[in-house]
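Taken together, the values in this text are just the output of simple stated rules run on the coordinates, not laboratory data. Since we're looking at a predicted model, the values are computed, not measured. Cβ sites come from the backbone with ideal geometry, for glycine too, and all protein chains shown count toward neighbours.
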Amino acid sequence: MTGPEVETSLRASAVERRLSVRRADAEDEVRRLLDVGLSMMREHPTGDLRVATIVRAAGVSNKAFYRSFGGKDELMAAVADDGARRMVSYVRHQRDKSADPGEQVRLAVRAVLHQARDQEAATTARAVLRLAFRSPQFRAAGGYDVQEGLADVLAGPLAALGSTDVERDSLLAACAAISLMEHHLWREQPPSTADEERLVGWILRAGGGD
């Protein structure tokens, strides 16, 4: 069978195939730039970086860089956004290791506090937070809200535990966990098991799980 519809379909398939290759290349270049940007911010907390240095380390061209980002500040905002999303994704993954809602809360809190306990994770968390605090592009573009992301992770377990106001309880729990993590992170003092247990107990009581 031939005709305009088949020809259009074949033409569309050819175009889509070409665009798919370009999209994959673009995603790879952006991923490399984000990874290098984060790595360099871990090594140089003051943020005194040059685009030429980032591009060279990422193995991409200047043209490829400026096709993706308007400049270094825009890249740093994207690094902060990506880092925040990765952290919440990690917390969600840890939460899902249990089906029990109370244990899910415990695992989620432990995953958040891990950012201040583990040396490698702490170095990355400090870099991401510094970028988020410093970057006007991150705020202007509506960069990823870690508290809201974590609240979403905690909403299901708290609902299962009987919370009568899941939205408010999950956000309060998320803000408390992030605040405790940051408190220890900037002081470079790992939170204790007692800190973790106290926070988990408070969340469970507030959420109706105790």
* Hey, in the GNM for the chain with a 10 angstrom Cα cutoff, which one of Ala125, Ala116, Ala176 fluctuates hardest? -> Ala176
* Estimated inter-spin distance, Lys72 and Val21, nm [label 7 Å along Cα→Cβ] -> 3.5
* Structure fact -> Per 10 angstrom bin, beginning at 0 and ending with the bin that holds the maximum distance, the Cα pairs of the stretch 1-68 fall in percents of 19, 33, 19, 14, 10, 5, 1
* Asked: Going highest first, how would you order 159-171, 10-22, 82-94 by mean Cβ packing within 10 Å?
  -> 82-94, 159-171, 10-22
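Would you calculate a helix-derived [θ] at 222 nm for the chain, using -39,500 (n - 2.57) for each DSSP H run of n ≥ 4 and dividing by the full residue count, to the nearest 500?
Values: 10 runs with 168 residues, N = 210.
That comes out to -27000 deg cm²/dmol.
Test of understanding: ordering Phe133, Phe65 by Cβ neighbours within 10 Å, fewest first, what list do you get?
The most exposed by this proxy come first: Phe133, Phe65.
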* Structure fact -> FRET efficiency (Arg130, Arg56; Cβ distance; R0 22 Å; to 0.05) is 0.45
* Structure fact -> Taking a ≥ b ≥ c as the square roots of the eigenvalues of the Cα gyration tensor, with a/c under 1.5 meaning rounded and otherwise prolate when a/b exceeds b/c and oblate if not, the chain is oblate
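About the Cα centre of the stretch 1-68, how large is the charge dipole given +1 on each Lys and Arg Cβ and -1 on each Asp and Glu Cβ? Please answer in debye to the nearest 20.
Values: 12 positive and 10 negative charges, 43 e Å.
So the magnitude is around 200 debye.
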* Alpha carbon centre of the stretch 23-79 versus the stretch 83-131: separation in Å? -> 25
